[in-house]
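The values are calculated or read from the model by the stated rules, or taken from the named source; none is laboratory data. Keep in mind the model is a prediction, meaning the values are calculated, not measured. All Cβ positions, even for glycine, are placed from backbone atoms using ideal geometry, and neighbour counts span all protein chains on display.
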């Protein structure tokens, strides 16, 4: 299931696109402004971005240039601007396709599939399971014992990284590098605070862990409740 980000300021069009794309099997996140869209694209790492140009804070062409400076995520520009020089300039700036409004959902879906196919987008990873915890990497959904959990994007990224390494102790340095993109290190407090929030949503505490187990001076391990032998440090 491809994970899409739609950057569109019109709330009615945004809602219509979400409904139509989800009905066609896509996971869809949205952003109403250029800067919030840029942040979501960098933080959430979607498979493809659908970008409007007429945004209220920053012109979409500038968003495209800023995005291209930090990411190679495929971008389809969807806009009412239909002048050929505009199209050429945006394609030269790094857009992968250009769609002129108004357009049908089927046409957008076909363009999305064509871009992903042309760029050889990898197949999404299968959901990860750790005990009663299910982490759907493609849809960015998490459930615990069948109950959906409401996680922030950073909490999801943290949990997903630990789920990929389930049963292994992961150092705070690795988490800062892989989840926060701080390869030179940062504040351990950042990791600890997010682990605390994550524990709360998993219904546990550092003193009484079920899934998230701190190994003193080493790091943290994600493991099912019945996987740790008696006496292992928490």
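The one condition from (1) modelled with pLDDT under 90; (2) crowded, with 16+ Cβ neighbours inside 10 Å that residue 119 does not meet is (2).
Residues in the range 97-148 that are closer than 13 Å to residue 26 by Cβ, in contact with a strand residue (DSSP E or B) (Cβ under 7 Å, 6 or more places away or on another chain) and not in a helix (DSSP H, G or I): 138, 139, 140. Taking the range 15-43 as the region of interest, how many residues are surrounded by 18 or more Cβ atoms within 10 Å (Cβ to Cβ) and more than 20 Å from residue 126 (Cα to Cα)? Of the residues in that region, 9 qualify. Would you check which residues across the range 64-83 are surrounded by fewer than 22 Cβ atoms within 10 Å (Cβ to Cβ), at pLDDT 90 or above and assigned to a strand (DSSP E or B) and list them? Across the range 64-83, the qualifying residue is only 76. Residues that are modelled with pLDDT of 90 or more and more than 15 Å from the chain's Cα centre (by Cα) within the range 122-137 comprise 128, 129, 130, 131, 132, 133, 134, listed in sequence order. Against the conditions (1) modelled with pLDDT of 90 or more; (2) part of a loop (DSSP other than H, G, I, E, B), residue 36 satisfies every one except (2). In the range 107-119, of all residues being touching a residue at least 12 places away in the same chain (Cβ under 8 Å) and closer than 20 Å to residue 80 by Cβ, the one that is nearest to the chain's Cα centre (by Cα) corresponds to 112. The criterion of at least 1 residues that are modelled with pLDDT of 85 or more and closer than 17 Å to residue 141 by Cα is met, among helices (runs of 4 or more DSSP H) falling completely within the range 151-234, by 153-164, 188-202. With 102, 74 as the choices, which residue is assigned by TED's automatic domain parsing to the domain that holds residue 10, free of Cβ contacts under 8 Å to residues at least 60 places away in the same chain and more than 20 Å from the chain's Cα centre (by Cα)? The unique qualifying residue is 102.
Here the range 44-63 is the region considered, the condition is being surrounded by fewer than 22 Cβ atoms within 10 Å (Cβ to Cβ) and assigned to a helix (DSSP H, G or I), and the residue that is nearest to the chain's Cα centre (by Cα) is 44.
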